[in-house]
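Read the figures in this text as sums done on the coordinates, not as results from a lab. Note that the coordinates shown come from a computational prediction; the quantities given were computed from them, not determined experimentally. Cβ sites come from the backbone with ideal geometry, for glycine too, and all protein chains shown count toward neighbours.
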Amino acid sequence: MCARTQGGGDPIPSPSTTGDDIVVEAEKVKGRNGRKAIVAIFFATILVISVMPFIFSDDSNAGDTFTDSALGAGTVTPAVSAGSSHTLALKDDGTVWAWGNNSNGRLGDGTTENRLTPVQVMSLSNVTAISAGVGHSLALKDDGTVWAWGSNTYGQLGDGTTASSSTPVQVSLTDVTAIAAGGNHSLALKGDGTVWAWGYNSNGQLGDGSTTNSSIPVQITSLTGIAAISAGQEQSLVLKDDGTVWAWGYNNNGRLGDGTTEQRLTPVQVVFLTDAVMISAGVGHSLALKGDGTVWAWGYNYYGQLGDGSATNRLTPVQVLSLTDAVMISAGRDHSFALKGDGTVWAWGYNAQGQLGDGTTANGSTPAQMLSDVSSISGGWYHSIALKDDGTVWAWGYNNNSQLGDGTTAQRLMPMQVMFPVDDDTDDDTGGDTGDDTDGDTGDDDNGGLSTMAVVAIAVVVIAGIGAAAWFLLRKK
């Protein structure tokens with residue numbers, strides 16, 4: 001029996017074979033079986049190692065993307081918004097995520113703990129737009145209601161109180177189509193083209209003709225036919241249907257663009273500017289995008305944030321140099337961005353914390369290209385964030401409060417990917433997430449629905465089984 005093989009053509013000793021011959025033959029067979037076992041183990045190991053990258057491909061992503069086919073892609077446009085030291089992101093499933101500084105609960109997760117990576121804003125779903133201010137945040141739902149959270153010292157949450165909230169509270173407004181969070185005030189555009197404002201008003205940024213703070217929305221009665229709104233640090237901008245731009249509030253360094261430095265308690269027209277299609281207010285400067293793809297800027301220019309090649313403040317709009325085919329703009333604290341039609345991002349202005357994302361800390365008074373394949377861009381105080389075409393989110397600049405969302409507090413001179421959590425469960429949570437992975441996975445993984453640990457266990461068992469079989473063959477006599 002010891003000399004018989006299990007197949008493969010190995011010889012079976014005849015009864016006339018001597019004892020010594022049998023032993024020699026058995027040793028030969030055992031050697032051949034041993035070599036076969038070793039070869040089997042080798043190829044099995046190679047096979048398991050080869051398929052591991054495919055098995056683990058879904059779990060190796062550094063961060064979630066913003067697409068989820070299981071929830072109906074395209075129902076909500078993903079977006080990003082950079083505040084002073086925190087950041088918001090809207091996924092296309094209508095959930096909102098936040099990270100960075102959480103003073104006064106501006107992240108909306110029910111705590112005041114800073115977050116190194118994104119956490120979901122509590123009890124908030126069906127969101128269509130977001131806006132991050134200095135210490136508070138806003139969200140617009142698909143039913144036209146507005147929700148706010150964070151600092152409320154001046155009534156900027158619009159709930160009729162001055163109590164801060166670490167979870168969203170409803171603003172007393174309906175039929176809203178756009179929102180904007182400023183320094184400590186907020187704006188909303190309603191479906192009828194009227195503009196409403198609330199919060200801090202020491203410089204007339206509410207536009208109601210007074211300097212009285214308001215904890216509930218007040219209508220700016222002189223404005224109708226408005227297409228877009230933008231809230232700066234202590235000034236506000238609106239774009240009218242006719243392509244003109246109007247501004248009010250603090251006017252130091254000419255940030256209102258009316259040719260003066262006089263504070264305005266009610267809206268005044270930005271001079272020499274027509275055919276505008278988009279606006280963005282920073283801290284001390286403002287931007288406008290015209291229908292021909294050119295970008296115009298006015299206000300504070302010490303760091304070159306107006307992009308006209310100088311450091312001279314401008315009381316009226318000047319054209320940003322060497323920039324055409326722009327489709328989106330964003331004004332940060334003292335830096336500026338333009339997104340071109342080809343998906344490239346161009347940046348200029350203050351760069352001491354690397355907020356331009358060009359790998360340096362040198363300021364720039366004219367636009368320089370720094371990123372491609374981008375669909376949305378937002379400039380914060382000292383950091384910046386971009387949403388790429390593939391749904392990934394990238395951030396750069398100052399990171400002392402983890403506002404870059406990369407799991408660290410290290411300053412970044414170049415874009416780093418934001419690390420969104422990968423959701424492997426299928427249970428609904430309080431934020432309206434269905435549990436489907438935001439990379440478009442519907443729960444049917446390529447590994448047959450098995451978890452990563454299950455796949456590892458199976459691989460170990462397979463290898464162990466082959467090893468045990470080899471050991472058995474080697475011990476046969």
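Which far-off residues, 5 or more places away or on another chain, put their amide H under 5 Å from the one on H185, with H placed in the peptide plane?
Counting only residues 5 or more places away or on other chains, the set is Y200.
When a/c reaches 1.5 or more, the comparison of a/b and b/c decides; with that in mind, is region 116-156 rounded, prolate or oblate per its Cα gyration tensor? Please list the in-between numbers first.
On the way: a/c = 2.09, a/b = 1.16, b/c = 1.80.
It is oblate, given that a/c is not under 1.5 and a/b is not larger than b/c.
Could you give the nm distance between label points at V327 and D275, where each point is 7 Å from its Cα heading toward the beta carbon?
Label at V327, label at D275, 2.0 nm between them.
Could you work out the percent of alpha carbon pairs in region 69-417 separated by over 27 Å, rounded to a whole number?
Of the Cα pairs, 39 percent sit more than 27 Å apart.
Do you know the Lys pair count in region 69-417 for C-alpha distances under 19 Å, with sequence separation 8 or more or different chains?
7
Output wanted: per-residue J couplings in Hz (rounded whole) for region 229-239, from phi through Karplus 6.51 cos²θ - 1.76 cosθ + 1.60, θ = phi - 60°, x for Gly and Pro.
9, 8, 10, x, 5, 9, 9, 9, 10, 9, 10
Based on the Cα coordinates of region 172-279, what is the per residue volume of their convex hull in Å³?
Numbers: hull volume 8.7 nm³, N = 108.
So the per-residue hull volume is 80 Å³.
What translational diffusion coefficient, to the nearest whole µm²/s, does region 257-372 have by Stokes-Einstein, given a Kirkwood radius computed over alpha-carbon pairs, a temperature of 37 °C and 0.692 mPa s viscosity?
It diffuses with D of about 236 µm²/s by this estimate.
Report the local net charge at N363: Lys and Arg +1, Asp and Glu -1, summed over other residues whose C-beta lies under 15 Å from its C-beta.
Net charge around N363: -2.
How do I329, I216 rank when sorted from fewest to most other Cβ atoms within 10 Å of their own Cβ?
Final ranking by Cβ density, sparse to dense: I216, I329.
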